[in-house]
Amino acid sequence: MMKALLFSALLLGNASAAAFAQQITKATAEPLQSSSATKSYRFEEFVVSASRVQENLLRSPVSIESISFKDILRSAQPSFYDALENIKGVQIITPSLGFKVFNTRGFANTTNVRFAQLVDGVDNQAPHIGAPIAAAFAPNDLDIERVEVIPGTASVLYGMNAINGLVNILTKSPFLHQGISVQQKVGVNHVGANSEADNLSAARLFSETSLRIAKAFSDKFAAKVTMTYTRGYDWIANDATDLNAQGNRSLGLFGADNPALDPVSSYGNESANRRTLTLDGKNVIVARTGYFERDVVDYSINTVRGDATLAYKLSSDVELSYTFRGSLTNNVYQRSNRFQLADYVLTQNVVQARGSNFIILAYRTDENTGKSYNLRSMAENIDKTFKSDNTWFADYQKQFTTLRSSGTPFADALRNARDFADAGRPQPGTSAFNELRDRLGDINNWDIGAALRVKAALYNIEGQYEISSGALSFLKSDLNADVTLGFTYRTYQIEPDGNYFINPTTSDQSQKLYYGKTGGYVQVARSFFDDQLRASATVRFDKADYFSARWNPRFSLVYSPTPEHSIRASYQSGYRFPSIFEAFSNVNSGGVKRVGGLPVMSNGIFENSYIRTSIDAFQAAVNAGVNRLGTGALDSLIRANTSLLVKNSYTYLDPEYIRSFEVGYKGLFLDEHLFVDVDAYYNQYSSFIAQIEANVALTNVADSLPYALYNRAKQQRYRLWTNSKTNVNNFGASLGLRWNDESGWYASSNLTFAQLDYTSQGDGLEDGFNTPRWTINASIGHDEILPRIGFHLSSRWQSSYYWQSFLVNGDVPAYWTLDAQVTYTPEKSLRIKVGGSNILNRYYASILGGPSIGGLYYVQVQYQLPWDE
């Protein structure tokens with residue numbers, strides 16, 4: 001029977017699932033002796049993130065997943081960050097080898113402001129981005145006690161950026177886990193040929209060195225230090241798909257013949273870098289040449305991160321601690337555009353006091369983007385520095401006319417005119433090109449340079465008090481009720497740089513910009529019917545600057561007819577106030593001004609703009625008519641197609657609102673060897689925060705407006721943060737199975753379904769669901785299949801899905817990966833692992849506009865030296 005279960009678990013997916021989360025602080029899978037003296041393994045996991053108090057995993061009121069340090073040791077992926085993709089319901093997108101982004105339950109993007117990432121309860125987002133820079137603040141593998149993931153809204157307890165869920169990474173106590181641990185990982189990627197990245201990179205080495213030192217100097221005082229140094233060579237973005245393939249359709253110019261060619265991974269040839277030229281009596285759209293990403297970026301990864309903690313016990317149950325975290329990052333990062341992060345620094349100072357019934361937490365996070373720069377602006381301005389747009393297009397048109405007069409065929413004349421206009425253009429790899437790149441990378445103005453120069457900070461103080469275990473203990477003793485109170489105060493601080501951010505509240509741009517919020521909650525839980533039914537209710541209050549106060553509740557019921565089975569149902573709502581970038585951005589990005597959605601930032605733009613998709617349709621219709629009838633018909637064609645222009649009816653930002661309904665079941669079967677977890681949810685979004693592109697004509701004369709919107713040089717393009725007018729709904733479900741037995745075998749599999757439940761109105765508003773409909777994971781392993789030798793196999797498959805972003809829209813192909821590792825443990829303190837992710841080296845892309853991801857193969861040596869007693 002068990003062999004059959006094992007085989008079916010493997011066949012369920014072709015993908016990897018989360019390994020068992022069964023050995024967690026205070027609650028491990030403890031062997032019990034039956035009457036036949038055969039061991040059984042009882043799942044008695046405890047979690048803290050679901051309700052912010054410790055509770056049994058089986059009885060948590062919402063979906064929650066957990067992996068332990070042991071699961072990380074077993075994982076075949078190169079890091080715990082990668083291993084989290086195996087968890088039921090979790091989606092990880094990979095814009096870079098050194099930058100991965102979590103999401104659950106839809107609306108993923110490369111800067112996921114809807115999903116929170118915590119370390120020991122501390123939000124580790126980058127302040128100006130409003131989301132984490134992947135593992136920049138994450139602890140290393142050696143210091144992780146366990147990781148808890150809530151797949152679904154958690155904003156009632158955690159605030160404004162946990163509307164899609166959160167991951168809480170819990171680290172080891174220096175009192176409980178002492179000693180010196182060292183881990184060295186050496187690997188290689190870019191192995192073998194790949195049709196999407198041929199000849200772009202030979203095989204490259206990957207190295208990661210991790211250290212953890214922890215010591216309890218007495219029963220009162222302990223300290224720990226961790227450090228990780230990572231070096232490697234990033235995955236390469238080299239997608240040559242033409243984003244403007246239909247730009248000259250009316251002329252039959254496609255592929256290499258299209259003079260408005262705009263490859264996905266090439267920059268400086270986007271819409272803002274195009275003009276409509278009259279050539280041979282035809283309207284032809286022509287773009288600047290641009291550069292591929294590989295020409296303007298350094299794919300080397302060089303990252304250092306670490307932390308230090310001092311902990312002092314004021315009493316047996318009250319601990320005071322101070323933690324410093326810091327990171328220096330050099331790799332590629334992606335949001336609306338892709339960026340080179342260079343000397344990017346994050347630091348965090350945390351002070352906290354924790355007792356048996358309270359937490360007080362205060363921290364400051366500082367961000368300095370260092371020498372980072374925008375890849376799109378870099379490519380665009382290298383071209384413009386070489387030759388202005390006016391000069392380049394004039395040279396192009398002049399040479400085309402000369403060639404045509406000598407009888408050169410139309411398509412050949414277009415190509416040769418480009419060669420003429422590009423003559424003398426800086427060539428990648430030359431000293432002149434590199435010097436120009438360095439110079440532009442230090443100019444903090446994206447009209448003429450590419451630098452990203454942001455300094456920002458986040459100040460946070462929060463507290464939580466289980467009042468029924470303290471001042472009002474009668475609530476617990478007399479009413480069997482658990483009551484918890486919590487509060488949060490947070491302020492963002494931005495130093496205006498004149499390019500990325502300005503201070504709209506003052507003319508003195510030396511004054512810092514502030515954006516704050518205050519919130520609090522009350523949670524009441526009570527058990528009934530001999531603890532078989534547990535009901536809880538939570539209400540939260542939040543007030544953010546520029547917005548009125550908002551209230552949202554959570555209600556849940558958990559019914560456990562036996563200790564091994566529980567059924568749950570919950571309803572909760574949540575508000576997500578705009579991030580500081582959504583509210584205050586002021587960026588010229590590739591000729592498109594990205595403007596925050598607050599009235600203080602975008603006053604007058606909404607009222608006077610037209611939807612860009614309608615302008616594109618209007619221009620295409622006019623150009624098609626000109627190419628049929630000639631340039632003499634231009635005036636009448638403009639007037640005839642004016643009805644295609646659509647006035648912008650969207651307006652200023654409001655907070656995003658979600659209502660979420662969830663049901664689920666957890667249970668143990670087969671003498672508690674098999675754990676089953678099922679959940680289903682339905683989410684309803686109102687005022688869904690998204691973006692539109694809208695253009696403002698540079699004229700106040702009504703009759704001249706369509707003529708200005710036909711001419712790209714006579715309009716200003718904007719990308720505006722706003723809210724959807726329609727409800728945006730999505731639903732989904734997941735099934736997880738985990739199995740182990742006393743012989744050492746373990747296996748797991750899970751299936752996740754996600755679906756967007758609304759139809760786009762075709763009005764220029766992005767929905768950005770960006771989530772595969774189906775995801776399947778499966779894994780199998782044994783800790784000691786042979787003496788001192790264990791193994792782990794895992795696999796993942798996800799269906800194709802539609803990706804929608806500012807950079808590119810289109811279908812992400814389905815992909816399947818296989819990961820494997822073999823572990824040799826010659827002694828208790830030494831562990832050697834040989835493994836790889838995507839070991840079949842089948843290149844895939846997790847997003848459009850991102851890199852092609854191949855196999856990474858590694859050898860890992862981990863050694864632990866305990867302190868002498």
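The values are calculated or read from the model by the stated rules, or taken from the named source; none is laboratory data. Bear in mind the structure is a predicted one, so any value in this text is a computation, not a measurement. Backbone-built Cβ (ideal geometry, glycine too); neighbour counts: all protein chains shown. With ligands, DNA and RNA removed, areas are computed over all heavy atoms of the protein, side chains included. Shrake-Rupley method; radii C 1.70, N 1.55, O 1.52, S 1.80 Å.
Descriptive notes on the structure:
- Compared with the alpha-carbon gap, the fully stretched path from Q427 to D389 is longer by 11.9 nm at 0.36 nm per residue.
- Entries in K313/K455; K100/K593; K282/K725; K313/K512; K100/K371 that, when Cα-Cα distance is taken, lie over 32 Å: K313/K455; K282/K725; K313/K512
- Sorting R231, R831 on solvent-accessible area from highest to lowest, probe radius 1.4 Å, gives R231, R831.
- 3J(HN,Hα) couplings calculated from phi for segment 129-137 with the Karplus curve 6.51 cos²θ - 1.76 cosθ + 1.60 (θ = phi - 60°) are, in sequence order, 8, x, 8, x, 8, 6, 8, 4, 10 Hz; Gly and Pro show x.
- Normalised by residue number, the volume inside the convex hull of the Cα atoms of segment 710-869 is 229 Å³ per residue.
- Length available on full extension from V318 to S356: 0.36 nm per residue minus the Cα-Cα distance, which gives 13.0 nm.
- Computed over the alpha-carbon atoms, segment 396-509 gives an Rg to Rh ratio of 1.49, Rh here being the Kirkwood radius from the mean inverse distance.
- Packing-based ranking of 88-96, 542-550 yields 88-96, 542-550, ordered from highest to lowest mean Cβ neighbour count within 10 Å.
- Rounded to the nearest whole Hz, the Karplus-based 3J(HN,Hα) values (6.51 cos²θ - 1.76 cosθ + 1.60, θ = phi - 60°) of segment 304-315 follow the sequence 10, 9, x, 8, 9, 10, 10, 10, 9, 8, 6, 7, with x at glycine and proline.
- Cα gyration tensor shape for segment 256-404, rounded if a/c is under 1.5, else prolate or oblate: prolate
- The angle between the Cα long axis of helix 389-405 and the main principal axis of the chain comes to about 50°, on a 0 to 90 degree scale.
- Angle in degrees between helix 612-629 and the longest Cα principal axis of the chain, rounded to the nearest 10: 30
- Note on segment 180-309: with charges restricted to the Cβ of Lys and Arg (+1) and Asp and Glu (-1), its dipole about the Cα centre is near 640 debye.
- Here the extension length gained between R788 and R628 equals 49.9 nm, from 0.36 nm per residue of separation less the Cα-Cα distance.
- Debye, to nearest 20: dipole size of segment 463-592, +1 on Lys, Arg Cβ, -1 on Asp, Glu Cβ: 240
- With a Förster radius of 45 Å applied to the beta-carbon distance between V186 and E564, the computed FRET efficiency rounds to 0.50.
- Taking a straight Cα-Cα cut-off under 16 Å and skipping sequence neighbours fewer than 8 places away in the same chain, the aspartates and glutamates within cross-link reach of K517 are D123, E462, D542, D545, E582, D654, E656.
- For the chain, a simple Cβ point-charge model (Lys and Arg +1, Asp and Glu -1, everything else neutral) yields a dipole of about 980 debye relative to the Cα centre.
- Relative contact order computed over the chain (Cα-Cα under 8 Å; 6+ residues apart), in percent: 15
- Projected over every direction and averaged, the convex hull enclosing the alpha-carbon atoms of the chain yields 38.3 nm².
- For segment 564-702, the fraction of C-alpha pairs farther apart than 17 angstrom is 74 percent.
- Karplus-derived 3J(HN,Hα), 6.51/-1.76/1.60, for each residue of segment 202-219, Hz, glycine and proline x: 7, 4, 10, 7, 10, 9, 9, 10, 10, 9, 9, 10, 9, 8, 9, 7, 7, 6
- Anchor K215: aspartates and glutamates whose Cα lies under 20 Å away (excluding residues fewer than 8 positions away in-chain): D120, D141, D143, E145, D307, D317, E319, D868, E869
- On the beta carbon distance between E435 and I461, with R0 = 51 Å, the FRET formula returns roughly 0.60.
- Over the chain, dividing the summed -39,500 (n - 2.57) contributions of all DSSP H runs of at least 4 residues by the number of residues returns a 222 nm mean residue ellipticity of -4000 deg cm²/dmol.
- Taking label positions 7 Å along the Cα-Cβ direction at both N445 and L205, the computed distance is 4.4 nm, reported to one decimal.
- Charge dipole of the chain about the Cα centre (unit charges at C-beta), most positive-ward option of F221, N283, G232: N283
- Degrees between helix 410-421 axis and first principal axis of the chain (Cα, 0 to 90, nearest 10): 80
- Here r is the Cβ-Cβ distance between S649 and F555 and R0 is 35 Å; the resulting FRET efficiency, rounded to 0.05, is 0.45.
- Residue-level accessible surface for E319, protein heavy atoms, 1.4 Å, Å²: 60
- Convex hull (Cα only) mean projected area of segment 318-469, reported in nm² to one decimal: 13.8
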